[in-house]
Amino acid sequence: MVRTAEVERQTLETQIRVSIDLDGQGSSRLQTGLPFLDHMLDQVARHGLIDLDIQAAGDLQIDAHHTVEDIGITLGQALSRALGTKHGVRRYGHAYVPLDEALSRVVVDLSGRPGLTFNVSFTRAMIGGFDVDLFREFFQGLVNHAAITLHIDNLRGDNAHHQAETIFKAFGRALRMAVEPDPRMTGMTPSTKGSL
């Protein structure tokens, strides 16, 4: 079963193309115009063993909000398409990831229902030139369009870069677990409803 998708989003504010391979090797090609976001998305690809290609151009002369949110939306749409019916997947995934003093937990459910719980208190407002408020916008766009439930908790951390990196690494690993084929669920949907 091929679990790939390519999605393009064109608005007056952004032009974005995302391609995803859920059964990849963890490679990425990322050009968002936001180097720190590229660094975080590379963590998702690498730790999720997902091949990810994201090309984005946005109105960064205003600020990064539209670009970051629309990348989340487009990635969510690509994830939904690549998952298809979700037959035979594990559905749930979780990960704890440390980086020095920081520790984050991410739990994902490929539920078919969008929901985000984001418990992160960053220790500073900016990481380099990146506004940390935009991380919530990214994940909100993603869950809304992937129709997944996502719980993100930064349990501790003093360094905002470390906090962010543990979140994205944990998201990659939790997503990898959730989308993994479960040989005992072959041809079945992991839900008593019969669909997700």
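The values are calculated or read from the model by the stated rules, or taken from the named source; none is laboratory data. Given the structure is predicted, the values throughout are model-derived calculations rather than measurements. Reconstructed Cβ throughout: ideal geometry from the backbone, glycine too, with neighbour counts over all protein chains shown.
Observations, loosely collected:
- Leu37 meets all of the listed conditions (1) without any contact (Cβ under 8 Å) to a residue 60 or more places away in the chain; (2) closer than 27 Å to Met177 by Cβ but one, namely (1).
- Positions within region 1-31 being hydrophobic (A, V, I, L, M, F, W, C) and at pLDDT 95 or above, in sequence order: Ala5, Val7, Leu12, Ile16, Val18, Ile20, Leu22, Leu30
- Those residues of region 40-49 which are in contact with a strand residue (DSSP E or B) (Cβ under 6 Å, 6 or more places away or on another chain) and touching a residue at least 40 places away in the same chain (Cβ under 8 Å), in sequence order: Leu41, Ala45
- Some residue of region 61-79 being without any contact (Cβ under 8 Å) to a residue 60 or more places away in the chain, part of a loop (DSSP other than H, G, I, E, B) and of a type outside the set (Gly, Ala, Ser): yes
- Filter result (within 23 Å of Ser121 (Cβ to Cβ) and either crowded, with 24+ Cβ neighbours inside 10 Å or over 21 Å from the mean Cα position of the chain (by Cα) (or both)) within region 170-192: Ala170, Phe171, Gly172, Ala174
- Counted residues, region 108-125 - those being farther than 28 Å from Gly93 by Cα and in contact (Cβ under 8 Å) with a residue 12 or more places away in the chain: 1
- Count - residues of region 146-193 that are among the polar types (S, T, N, Q), touching a strand residue (DSSP E or B) at 6+ places or on another chain (Cβ under 8 Å) and modelled with pLDDT under 95: 0
- When the residues of region 65-114 are filtered to those that are of a type in the set (Asp, Glu) and either over 13 Å from the mean Cα position of the chain (by Cα) or closer than 21 Å to His47 by Cα (or both), the one that is surrounded by the most Cβ atoms within 10 Å (Cβ to Cβ) is Asp109.
- Of the residues making up region 94-125, those that are out of contact with any helix residue (DSSP H, G or I) (no Cβ under 8 Å at 6 or more places or on another chain), within 20 Å of Ala82 (Cα to Cα) and not hydroxyl-bearing (Ser, Thr, Tyr) are Gly112, Arg113.
- Filter pass, Phe135 being among the aromatic types (Phe, Trp, Tyr) and closer than 17 Å to Leu41 by Cβ: yes
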